[in-house]
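Written out below as structure tokens is the structure these notes cover.
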Amino acid sequence: MPTVGVKRDFLFKALGRTYTDEEFDELCFEFGLELDEITSEREIISKEQGDSKASDASDVILYKIDVPANRYDLLCLEGLVRGLQVFKNKLEAPRYRRLSPDSGESQRLIITKETAAVRPHAVAAVLRNITFTQERYDSFIELQEKLHQNICRKRSLVAIGTHDLDTISGPFTYTAKAPGDICFRPLNQTKEYTATQLMSLYKTDSHLRHYLPIIEDKPVYPVIYDSNDIVLSMPPIINGDHSKISLKTKNVFIECTATDLTKAKIVLDMIVTMFSEYCAQPFTVEQAEVVYPDGKTCIYPELAYRKEKLSGEFINKKVGIRESTERIAQLLTRMCLLSQPTGVGDEIEVEIPPTRPDVIHACDIMEDAAIAYGFNNITRTTPHTYTVANQFPLNKLTELLRQDLAAAGFTEALNFALCSQEDIADKLGKKISETRAIHISNPKTAEFQVARTTLLPGLLKTIAANRKMPLPLKLFEISDVVLKDESKDVGARNSRRFCAIYYNKTPGFEVIHGLLDRTMQLLEVKAARGEGYHIQAADDSTFFPGRCAEIFVRGTSVGRLGVLHPDVIGRFELTMPCSALEMDLEPFLGHTAEILLTHDVPMQETFKHPFPALSQSQPALPSRLPSTKTVLGDLSSHAGLKALNDFLADRSYIEGFTVSQADAAVFDAIPSPPSQAFCHLRRWYSHIKSFHTERARLPSARSQFVLPPTPPASPNNNSEDDIDLFGSDDDEESAEAARIREQRLSEYASKKPALVAKSSILLDVKPWDNETDMAKMEECVRSVAMEGLLWGQSKLVPVGYGIKKLQIGCVVEDDKVGTDLLEEAITGFEEYVQSVDVAAFNKI
Amino acid sequence: MADTGVVETFLQRIEKVDGGADSQEVAASLGVDHQVIVGAVKSLQTLGDVISAELRSSKHWELTEEGTEIAEQGSHEARVFNSIPLEGLPQAELMKLSFGKIGFSKAMSNKWIRVDKSHDGGPRIFRTVESIHDQVREKLLLAKRGDAARLDEKEKNELKKRKLLAEVTVKSYWITKGNSFSTTVTKQETELTPEMIASGSWKEKKFKPYNFEAMGVAPDCGHLHPLMKVRTQFRQIFLEMGFSEMPTNNFIESSFWNFDSLFQPQQHPARDQHDTFFLSDPSLAHHFPMDYLERVKKVHSEGGYGSQGYKYDWKMEEAQKNILRTHTTAVSARMLYKLAQQEKFTPVKYFSIDRVFRNETLDATHLAEFHQIEGVVADYGLTLGDLMGVLHQFFTKLGITKLRFKPAYNPYTEPSMEVFSYHEGLKKWVEVGNSGVFRPEMLLPMGLPEDVSVIAWGLSLERPTMIKYGINNIRELVGHKVNLQMVYDSPICRLDS
């Protein structure tokens, strides 16, 4: 939205009255303007360059007024005043007239065919016998600048040149020449330059350098000569110094060169309508002839008045008012749209003046009637549109899942959809070419190079920015990533993802795994192969080798989970182990995806979800899996059966206190009924066998006991399987690699790595009285240093009677530091410390 | 914890004295450490008004070990003087004495003795005065008797420097009987236990009072993001008003749907590199409904449907350019086009809340991506008054009742209105949203019936959230620099209160 600065007192003088700031603000609001700032030149300079520079500046009050981007007629004081005066019924809109010169001979601008290659259009006009004052002159220059910045699109569409007509003589020629062949003295320079020299001269000009690219690469540059070969201008860069206008200029020749003729005509109309007010014969403009290369001649400025007819009912119906035809005509007239009822029914004839090129449709006229009526005078009504609300199924699923993930102890993060290439590739140990990422062509910084293809880097960065927070950090995000997809009209699509992360002193794979199980429970997917979900060892450079598994739902991969690779952790400036889970959510839409189709928009193909809908899922059939490998060992071997027998010696079931799918799965893994030697196993075996008929209904298992039968075969990477979270390749693996991974996975299930036993202790240190210097006391306590002791945060807790106790945390290595040792050391400061108590003691 | 034995003996002692007793004295008389008495006092204090204890502290001077020795045997220098017989003593011999070295120099400086270095058999020490006055010892004796007050500060400091005298602070309680004084104390229970409930013993027991001043233990839980909490509420409001959610899960949009279909001209500044993110891969969109595209091209370049058009050379290449959508209105355009393809028009109310992207300069309140909230109603004969009415209802649900409307400009709506609400805190009108009636040049090429009007409004999700949760820097709210503590601490979102 352009902002116009006007001197307040000049404005009020022109408006014929003064306003308080509030009153003027109110008037602007009603008219659709905004009094953005009340300031002065001195204030502006002092804000930008400091007080010292501002001392000589004027402190005349300036109003900065925001003008709607399509109202070029309000971009200068003259236009603003005219608009507001007409609006307030204090003035009739002037009628702008185009005149032939008294001499009968119009100024002529001849366009040569060479311009076609660079800037083919030109229009021109003359303001005759104009009187400039300093204010008028400044406003004239300012308007050109505002037009250049807005409708002229920084001179690329239109460039304006204004010249003292008395210094030049027509006819003028608008042509285009090789830069080396153009030579003139540009505005405010003392010597002549060729166009080539000018282009390098202005490279460093803070104002002009922005316009150089418009013609820089062209073989020829546009230039306007008078009949004596004096250069008027080299549009869109600079005018010649010879014809520059001054306060004394009486006759102004205006030329606009353009790549867009419509806009050039509008710009010329704006300048002449605004400043013809100061001509000897106000609001008249002397015409100029423009001769085209084909010999055609046009007269400018157009100053066209257009007439539209519309009904009063149309306005009443669209705005929601009930005004008479006459009254509506009056309202429109106040918006500089001279209107009157034609007498035929409620028909109104509206005349659109050359100052209002923004009025291109009846709806624009309707809006002006509403503005003149006053938006805030319109009665607010309730439409009787009856509709039934539907949620977008994917968002509904997301909303419901978010709530339960927070209830599961994870905190929601919200990260940017845009990021750097590094974030989604290098830092995760991937190649950018593997990611299917879309690339942004004009990022201002590296933060906006691509749209994310995974939610993981955002969560890792969130943790990095919150390292001070107490551990563990458990975060999740459900949001969209963007992937290239040839099947879409735009070649890309969003994919709704769920990502969760656990950051602590231990990797906590079991925590993330547990969250996956919980999520599947929420999504009503059972833990089972075939119709349910299961995880299977996978290779992925983002994860620690042997610590990554792929999530399969109904046989298709939906994502991965695992312990992050130490290199990945390091690249995100983190120091602790970390496990993560990321999966696609769209496969879980189920039959609700049907509703999606009715909402789907044209040219976006219906989303082909890769799984059969829930309702269509096969009846759960117990399928005897060929695998005999379990976390307890291979059940086809004696050792495996023995291990299972021992395991069951003091347990009724594999998991917990009730029969579950875990029992069924392990049952299936035993190739033949066990021998008498394994009495516990036999007891369990016959018991589980008795569930034969109802085993499909058994509750799902919390963890996986049966391991994949063979090295995980690469999932069919056909076109349907487009879920590729981390972009890894699914190459065939060697049997050896698979064996190592299986071994590691079973290790994960059976034992945890040994750790140095540590405890977190919270001590209550009580002072003697309320006069004890607590800061000093804390200092003393913290001065206790032992190997394996790390002091943590502390706070003062009131205990009553104005006495506060110091509550201080520490982490100790159990082998090295005992609580009694600590207490002894602290009570040693008997001047301050009355007693020490252990308030909390937790094993880490 | 003070043991009950001491507490009871202590109470018996207090019972006997009238007017109160000093804890130090009690400790001395009971022959226990003062700490033990302090412990007993503390634990009695928690029982209520059994005793009252007033904390007193006093400072007094005490002799150090060395000071005590001097008080008993005289200062080192005096002992040196006394050990020198009239005929003198060889220096080597003096130095053998325990006090020799220290006492010698001091006695020398007091000019009590002299050294004859030229004496036969090595240096020899002689008395120089008849008798001496051992001031140090006298001062220390004074301090020992508890009369340290009679010494002046300088003297005390001198002795302190010599580590003969030390100032000690003694803290004690002045204990008097309380209103509910008793010599027997029942041990108070800390918590109710299952055993007490089973046996009924809780009826006889006294329980330690809770400290209600203290904070409870924070529950272990996850949290929802504040911006998403506000989004949930906005969704709720739209659903309550009967609006259906639009599928906005397409961040990548063609310029055609984002701009051209909305009658936004191709030279519009918003389509500039400085305002919009363009894509280099995939750079162009390839599929469009071609008959519709032709109508859009025509209305831009030549006009039609009662419009003058923009009268410029509309270029297909410009429409094909892929971008990150700058507003969700691109999706509204797709939805309205789809609606127009229905055999018979049915009124609709649509909403969406999703991300949009602007390649703008960033500051404390602007990011390159933010969430846009948008509402759209399409029906026969909707008026500007209807738009204001719907906005009034919508904002009332947000707890905003004072609204007014300012004429504004937007390339695809006419009329366009900025929505202002009166901010009670700032005491001024602030902009809260944008709204308008979609232009016929946008709707008619889609094929919507001529008398159907479509009203729409939009606002950002971030701004109301920042106001709601008092956040000044948008980076603390959105993105990885979020302050997780803020997320943990943020209250539930009720927009209307």
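The values are calculated or read from the model by the stated rules, or taken from the named source; none is laboratory data. Not measured: the values here are computed from a predicted model. Ideal geometry is used to build each Cβ from the backbone, glycine not excepted, and the neighbour counts take in all protein chains shown.
For (1) within 14 Å of chain B (Cβ to nearest Cβ); (2) of a type in the set (Val, Ile, Thr); (3) surrounded by fewer than 17 Cβ atoms within 10 Å (Cβ to Cβ); (4) touching a strand residue (DSSP E or B) at 6+ places or on another chain (Cβ under 6 Å), each residue gets a yes or a no:
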residue	(1), (2), (3), (4)
A:LYS13	no, no, yes, no
A:THR18	no, yes, yes, no
A:GLU23	no, no, yes, no
A:GLU34	yes, no, no, yes
A:ILE45	no, yes, no, no
A:GLU48	no, no, yes, no
A:ASP56	no, no, yes, no
A:ARG71	yes, no, no, no
A:LEU84	yes, no, no, no
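Can you tell me how many residues within the stretch B:361-393 are surrounded by fewer than 16 Cβ atoms within 10 Å (Cβ to Cβ), of a type in the set (Asp, Glu) and either touching a residue at least 12 places away in the same chain (Cβ under 8 Å) or not assigned by TED's automatic domain parsing to the domain that holds B:ARG439 (or both)?
0
Are there any pairs, at least 6 apart or on different chains, whose C-beta atoms fall under 7 Å, with the first in the stretch A:672-700 and in contact (Cβ under 8 Å) with a residue 60 or more places away in the chain and the second polar (S, T, N, Q), and if so, which?
Cβ pairs passing all conditions: A:SER700/A:SER660; A:SER700/A:GLN661.
Among the listed residues B:VAL432, B:VAL454, B:VAL437, B:VAL482, identify the single one that is surrounded by 20 or more Cβ atoms within 10 Å (Cβ to Cβ) and assigned to a loop (DSSP other than H, G, I, E, B).
B:VAL482
In the stretch B:441-497, what count of residues is obtained for those that are under 20 Å from the mean Cα position of the chain (by Cα) and either within 11 Å of chain A (Cβ to nearest Cβ) or of a type in the set (S, T, N, Q) (or both)?
So the answer is 18.
When you check A:ASP260 against the structure, is it surrounded by fewer than 24 Cβ atoms within 10 Å (Cβ to Cβ) and either touching a Lys or Arg at 6+ places or on another chain (Cβ under 6 Å) or more than 14 Å from chain B (Cβ to nearest Cβ) (or both), yes or no?
Details: surrounded by fewer than 24 Cβ atoms within 10 Å (Cβ to Cβ): yes; either touching a Lys or Arg at 6+ places or on another chain (Cβ under 6 Å) or more than 14 Å from chain B (Cβ to nearest Cβ) (or both): no.
Considered against the rule, which asks whether it is surrounded by fewer than 24 Cβ atoms within 10 Å (Cβ to Cβ) and either touching a Lys or Arg at 6+ places or on another chain (Cβ under 6 Å) or more than 14 Å from chain B (Cβ to nearest Cβ) (or both), A:ASP260 comes out as no.
Would you please list the contacts, defined by Cβ atoms under 8 Å and residues six or more apart or on different chains, that run from a residue in the stretch A:370-394 that is closer than 21 Å to A:ARG327 by Cα and more than 7 Å from every other protein chain (Cβ to nearest Cβ) to a residue that is in a loop (DSSP other than H, G, I, E, B) and basic (Lys, Arg)?
If the second residue must be in a loop (DSSP other than H, G, I, E, B) and basic (Lys, Arg), the pairs left are A:ALA372/A:ARG334.
May I ask you to say which residue of A:GLU313, A:GLU326 is part of a helix (DSSP H, G or I), surrounded by fewer than 16 Cβ atoms within 10 Å (Cβ to Cβ) and either within 13 Å of chain B (Cβ to nearest Cβ) or of a type in the set (Ser, Thr, Tyr) (or both)?
So the residue among A:GLU313, A:GLU326 that is part of a helix (DSSP H, G or I), surrounded by fewer than 16 Cβ atoms within 10 Å (Cβ to Cβ) and either within 13 Å of chain B (Cβ to nearest Cβ) or of a type in the set (Ser, Thr, Tyr) (or both) is A:GLU313.
Tell me which residues, restricted to the stretch A:377-433, are aromatic (Phe, Trp, Tyr) and surrounded by 18 or more Cβ atoms within 10 Å (Cβ to Cβ).
Once the filter is applied, which keeps residues that are aromatic (Phe, Trp, Tyr) and surrounded by 18 or more Cβ atoms within 10 Å (Cβ to Cβ), the stretch A:377-433 yields A:PHE392, A:PHE410, A:PHE416.
Can you run down the residue pairs with Cβ atoms below 6 Å, 6 or more apart or on separate chains, where the first is in the stretch B:30-42 and within 17 Å of A:VAL799 (Cα to Cα) and the partner is modelled with pLDDT of 80 or more and of a type in the set (Phe, Trp, Tyr)?
B:VAL41/B:TYR173
Test A:ILE348 against the criterion of being of a type in the set (Val, Ile, Thr), under 19 Å from B:ASP451 (Cβ atoms) and not assigned by the TED database to the domain that holds A:ARG71, and give yes or no.
no
Could you go through the stretch A:434-441 and let me know if any residue there is surrounded by fewer than 21 Cβ atoms within 10 Å (Cβ to Cβ), over 27 Å from A:PRO472 (Cα atoms) and within 7 Å of chain B (Cβ to nearest Cβ).
Yes, that holds for at least one residue.
Select from the stretch A:145-179 the residues that are under 11 Å from A:TYR225 (Cα atoms) and either among the polar types (S, T, N, Q) or not assigned by the TED database to the domain that holds A:ILE111 (or both) and list them in ascending order.
Hits for the stretch A:145-179 are A:SER169, A:THR173, A:THR175.
From the set of residues in the stretch A:442-470 that are among the hydrophobic types (A, V, I, L, M, F, W, C) and more than 9 Å from chain B (Cβ to nearest Cβ), which is surrounded by the most Cβ atoms within 10 Å (Cβ to Cβ)?
Within the stretch A:442-470, the subset among the hydrophobic types (A, V, I, L, M, F, W, C) is A:446, A:448, A:450-451, A:455-456, A:459-460, A:463-465, A:469.
Going one step further and asking which of them are more than 9 Å from chain B (Cβ to nearest Cβ), we end up with A:446, A:450, A:455-456.
Working: A:ALA446: 12, A:VAL450: 26, A:LEU455: 25, A:LEU456: 30.
Applying the filter and picking the extreme gives A:LEU456.
Out of the strands (runs of 3 or more DSSP E) lying entirely within the stretch A:177-267, which hold 3 or more residues that are in contact with a helix residue (DSSP H, G or I) (Cβ under 7 Å, 6 or more places away or on another chain) and closer than 30 Å to A:VAL285 by Cβ?
A:252-258
Residue-wise test of (1) in contact (Cβ under 8 Å) with a residue 12 or more places away in the chain; (2) closer than 30 Å to A:GLY532 by Cα; (3) assigned to a helix (DSSP H, G or I).
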| site | (1), (2), (3) |
| --- | --- |
| A:ASP423 | yes, no, yes |
| A:ALA437 | yes, no, no |
| A:LYS444 | no, no, no |
| A:THR454 | yes, yes, no |
| A:PRO457 | yes, yes, yes |
| A:GLU477 | yes, yes, no |
| A:PHE498 | yes, yes, no |
| A:THR506 | yes, yes, no |
| A:VAL511 | yes, yes, yes |
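Rundown of residues vs (1) closer than 30 Å to B:ASP220 by Cα; (2) not assigned by the TED database to the domain that holds A:ASP539, yes/no style:
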residue: A:ASP368; (1), (2): no, yes
residue: A:ILE371; (1), (2): no, yes
residue: A:THR411; (1), (2): yes, no
residue: A:LYS427; (1), (2): no, no
residue: A:LYS430; (1), (2): no, no
residue: A:GLU434; (1), (2): no, no
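Among the residues of the stretch B:246-262, is any at the interface with chain A (Cβ under 8 Å from one of its Cβ atoms) and over 30 Å from B:TRP314 (Cα atoms)?
no
Just to be sure I understand, how many residues within the stretch A:632-659 are in a loop (DSSP other than H, G, I, E, B) and surrounded by fewer than 20 Cβ atoms within 10 Å (Cβ to Cβ)?
Qualifying residue count, the stretch A:632-659: 11.
Could you figure out which of (1) within 11 Å of another protein chain (Cβ to nearest Cβ); (2) within 23 Å of A:GLU586 (Cβ to Cβ) isn't true of A:LEU401?
Here A:LEU401 meets the rest and fails (1).
In the stretch B:38-55, is there at least one residue being surrounded by fewer than 19 Cβ atoms within 10 Å (Cβ to Cβ), within 13 Å of chain A (Cβ to nearest Cβ), assigned to a strand (DSSP E or B) and more than 38 Å from the chain's Cα centre (by Cα)?
Yes, the stretch B:38-55 has at least one match.
Right, B:GLY470: over 30 Å from B:ASP379 (Cα atoms) and either not assigned by TED's automatic domain parsing to the domain that holds B:GLY385 or not polar (S, T, N, Q) (or both) or not?
So B:GLY470 passes the test.
Report whether or not A:ASP346 is closer than 17 Å to A:PHE31 by Cα, touching a strand residue (DSSP E or B) at 6+ places or on another chain (Cβ under 9 Å) and charged (D, E, K, R).
So A:ASP346 fails the test.
Answer with yes or no whether B:MET316 is modelled with pLDDT of 90 or more and more than 10 Å from every other protein chain (Cβ to nearest Cβ).
yes
Would you be able to tell me the number of residues in the stretch B:281-304 that are more than 8 Å from chain A (Cβ to nearest Cβ), assigned to a loop (DSSP other than H, G, I, E, B) and either over 17 Å from B:GLN267 (Cα atoms) or hydroxyl-bearing (Ser, Thr, Tyr) (or both)?
Selection size over the stretch B:281-304: 0.
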